[in-house]
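Have a look at the structure below, then the notes.
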Amino acid sequence: EVQLLESGGGLVQPGGSLRLSCAASGFTFNNYAMTWVRQAPGKGLEWVSTIRSDGSTFYADSVKGRFTISRDNSKDTLYLQMNSLRAEDTAVYYCAKDVASIGEYFQHWGQGTLVTVST
Amino acid sequence: DIQMTQSPSSVSASVGDRVTITCRASQGIRSWLAWYQQKPGKAPNLLIYAASRLQSGVPSRFSGSGSGTDFTLTISSLQPEDFATYYCQQANNLFSFGPGTKVDVK
């Protein structure tokens, strides 16, 4: 059974940093693209970043230059390093396993971790 | 960037109703479209991918159609567990989601 467990969320001040982790199990992690999607309170889904199985990375314009996605295939773990955080980054962050290696559709999702950017 | 729109933004329906949700892309995306269902406080769940392919384990009352810029999600006979918000997502050029359609009780 595929399992994705996010961690690392919490309260951070504007301008601060946070690193999210997503521990994966139940599938061959290095064969699949992985993605972060966020959802602000009461709002819709927003794609944040994707890393393919070959390590190539892609970002939404709203986070480019501030967020960095990475993966450790030896630990079956996905990361999102978030710097220069803003109030508008407040959201539940979900990690998702893709159906393929290159990034297409988000087949399995974690339960999400809440990031709150506030003074 | 590809913008996704959905209509209606909300629909009130009864159990047994046929419900249709439309998604439109700002430019052609071939068949690179998925539909997700999300219930309050839960992660989204993939229903349809490649515009019309049913994800494993998803009931056959859900179906998808369309290509290019216009797509449709149909629930043939609404069940109590189907009251939720539905999102479309394009995968033709990076990724983006529609704003969502809430299906609630009439």
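A:Asp61 passes all but one of (1) without any contact (Cβ under 8 Å) to a residue 24 or more places away in the chain; (2) surrounded by fewer than 18 Cβ atoms within 10 Å (Cβ to Cβ); (3) in contact with a strand residue (DSSP E or B) (Cβ under 8 Å, 6 or more places away or on another chain); which number fails?
(3)
For B:Gly66, work out the one condition from (1) part of a strand (DSSP E or B); (2) at negative phi it doesn't fulfil.
It is condition (2) that B:Gly66 fails.
Only one of B:Thr22, B:Thr85, B:Thr69 is under 11 Å from the mean Cα position of the chain (by Cα), away from chain A (no Cβ under 13 Å) and β-branched (Val, Ile, Thr); which?
Numbers: B:Thr85 fails: away from chain A (no Cβ under 13 Å); B:Thr69 fails: under 11 Å from the mean Cα position of the chain (by Cα).
The conditions single out B:Thr22.
Could you tell me how many of the residues in the stretch B:26-61 are within 19 Å of A:Ile102 (Cβ to Cβ), free of Cβ contacts under 8 Å to residues at least 12 places away in the same chain and either in a strand (DSSP E or B) or more than 10 Å from every other protein chain (Cβ to nearest Cβ) (or both)?
Residues flagged as within 19 Å of A:Ile102 (Cβ to Cβ), free of Cβ contacts under 8 Å to residues at least 12 places away in the same chain and either in a strand (DSSP E or B) or more than 10 Å from every other protein chain (Cβ to nearest Cβ) (or both) within the stretch B:26-61 amount to 1.
From (1) closer than 23 Å to B:Leu54 by Cα; (2) touching a residue at least 12 places away in the same chain (Cβ under 8 Å), pick out the condition that doesn't hold for A:Gly44.
Going through (1) closer than 23 Å to B:Leu54 by Cα; (2) touching a residue at least 12 places away in the same chain (Cβ under 8 Å) one by one, A:Gly44 breaks only (2).
Do you know which of the residues in the stretch B:94-105 that are more than 12 Å from the chain's Cα centre (by Cα) and at pLDDT 95 or above is nearest to the other protein chains (Cβ to nearest Cβ)? Step through it out loud before you land on a result.
If we filter the stretch B:94-105 for residues that are more than 12 Å from the chain's Cα centre (by Cα), which is where we start, we get B:94-96, B:104-105.
So of that shortlist, the ones also at pLDDT 95 or above come out as B:94-96, B:104.
Numbers: B:Leu94: 6, B:Phe95: 4, B:Ser96: 6, B:Asp104: 15 Å.
That would be B:Phe95.
For residues that are buried (at least 20 other Cβ atoms within 10 Å of the Cβ) and within 14 Å of chain B (Cβ to nearest Cβ), scanning just the stretch A:64-91, find the one that is farthest from A:Gln3 (Cα to Cα).
A:Ala91
The values are calculated or read from the model by the stated rules, or taken from the named source; none is laboratory data. Since the model is a prediction, treat every value here as computed from it, not as a measurement. All Cβ positions, glycine included, derive from the backbone under ideal geometry; neighbour counts span all protein chains shown.
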